[in-house]
Amino acid sequence: MNEEKYDRLLQIRTAGRDDSRSDQYRYPYEPTPYCVLERLSNAGYIRKGNVLLDYGCGKGRVDFYLSWQTRCRTIGIEYDSRIYEKAEENRKTAVSGGRTSFELENAEQYPVPGEVDRIYFFNPFSAELLKKVLARILESWYESPREVLLFFYYPSDEYVSCLMTEDMLEFLDELDCRDLFPGEDPRERILIFKLPDEGEEFYFLGEIFAENEPRPIRMEKTKDDAFEIDYRLDVPVRSDIYDYIVSD
């Protein structure tokens, strides 16, 4: 089924690219192809009881399709007021509009609801903003530990580098989408990462920054040369969290 037929089936209008308000940090609106959404929904990672957060939702295609196909609930985040209004117009007519909501908000400022356990990205913004968004997601996970899956369609090299260096994220799976398009583009894939389950003890304390110059030292047991570096957290650790971590 082609793009226009799916739009008619879902009773929405999401086709077309819009780069009128994009910049170096926030990228143009371009909807995820329906064939990619089919592959994602058929993979079984999103089900009726899940709540999916869609960053850079645009006109809402991901939200309407997945809430229709998997019966999950979806929340779309969009910073462009014009495109946000089009998503809201679509919601009035969409067959799955009752399971979808939208927020007009900058992604890095949006507090992630505790019920969100699935998150979707299609390169909505720069890797710099992605780091800030991941910090928000981790804050939500810390307040309400739960299994959270993150889906990254058509990831850039910058995104992959950022994700692979984030200690809290665990690589889970890759959905190959190259067969859906001509050209064998290696970026045609969905990378899936997860946050630890509730039983695993990880604590996100904030971003850290190196202070002063590295100091050369000698390791007592191995006698190897090494460097000692002082780090500073961007915000102080709460006293109750600190007491729990250092307690026996």
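The values are calculated or read from the model by the stated rules, or taken from the named source; none is laboratory data. These numbers were taken from a predicted model, which means no experiment stands behind them. Note that each Cβ is placed from the backbone with ideal geometry, even for glycine, and that neighbours are counted across all protein chains shown.
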Checklist entry - Say we look at the stretch 1-21 and pick out the residues that are among the polar types (S, T, N, Q) and surrounded by fewer than 14 Cβ atoms within 10 Å (Cβ to Cβ); which of these is modelled with the highest pLDDT? => result Asn2
Item to check | Residues (in a strand (DSSP E or B) and among the charged types (D, E, K, R)) located in the stretch 64-80 | outcome: Arg73, Glu78
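Would a scan of the stretch 86-104 turn up a residue that is farther than 25 Å from Asn2 by Cβ and out of contact with any strand residue (DSSP E or B) (no Cβ under 8 Å at 6 or more places or on another chain)?
Step one: of the stretch 86-104, the residues farther than 25 Å from Asn2 by Cβ are 88, 98, 101-104.
Add one more test, that the residue is out of contact with any strand residue (DSSP E or B) (no Cβ under 8 Å at 6 or more places or on another chain), and what stays is 98.
Among the residues of the stretch 86-104, at least one is farther than 25 Å from Asn2 by Cβ and out of contact with any strand residue (DSSP E or B) (no Cβ under 8 Å at 6 or more places or on another chain), which makes the answer yes.
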Checklist outcome for this item: Only one of (1) surrounded by 22 or more Cβ atoms within 10 Å (Cβ to Cβ); (2) closer than 21 Å to Met164 by Cα does not apply to Glu147, and that is (1)
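Return yes or no: is Ile208 of a type in the set (A, V, I, L, M), modelled with pLDDT under 75 and in contact with a Phe, Trp or Tyr (Cβ under 8 Å, 6 or more places away or on another chain)? Give the steps one after another, and end with the answer.
Working: of a type in the set (A, V, I, L, M): yes; modelled with pLDDT under 75: yes; in contact with a Phe, Trp or Tyr (Cβ under 8 Å, 6 or more places away or on another chain): yes.
Yes.
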Checklist outcome for this item: Residue hits (the stretch 91-110; touching a helix residue (DSSP H, G or I) at 6+ places or on another chain (Cβ under 7 Å) and not aromatic (Phe, Trp, Tyr)) are Arg91, Ala94, Val95, Ser96, Gly97, Arg99, Thr100, Leu104, Ala107, Glu108
Checklist entry - Are any of the residues in the stretch 132-143 buried (at least 20 other Cβ atoms within 10 Å of the Cβ), within 18 Å of Glu30 (Cβ to Cβ) and either touching an Asp or Glu at 6+ places or on another chain (Cβ under 7 Å) or without any contact (Cβ under 8 Å) to a residue 24 or more places away in the chain (or both)? => result no
Checklist entry - Only one residue in Asp54, Asp80 is surrounded by 16 or more Cβ atoms within 10 Å (Cβ to Cβ), charged (D, E, K, R) and modelled with pLDDT of 95 or more, so which one is that? => result Asp54
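Has the stretch 176-189 got at least one residue that is part of a strand (DSSP E or B), at pLDDT 80 or above and in the same structural domain as Tyr34 (by TED's automatic domain parsing)? Before you say what the answer is, go through the steps one by one.
First, the residues of the stretch 176-189 that are part of a strand (DSSP E or B): 176, 189.
Applying the additional criterion that residues be at pLDDT 80 or above yields 176, 189.
Filter once more, so that each one left must be in the same structural domain as Tyr34 (by TED's automatic domain parsing): 176, 189.
Checked against the condition, which is being part of a strand (DSSP E or B), at pLDDT 80 or above and in the same structural domain as Tyr34 (by TED's automatic domain parsing), the stretch 176-189 yields at least one hit.
Would you confirm, using the coordinates I've provided, whether Ser126 is polar (S, T, N, Q), under 17 Å from Thr14 (Cα atoms) and crowded, with 16+ Cβ neighbours inside 10 Å?
no
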Checklist outcome for this item: For the stretch 193-205, the count of residues that are assigned to a loop (DSSP other than H, G, I, E, B) and either of a type in the set (Ser, Thr, Tyr) or at pLDDT 65 or above (or both) equals 3
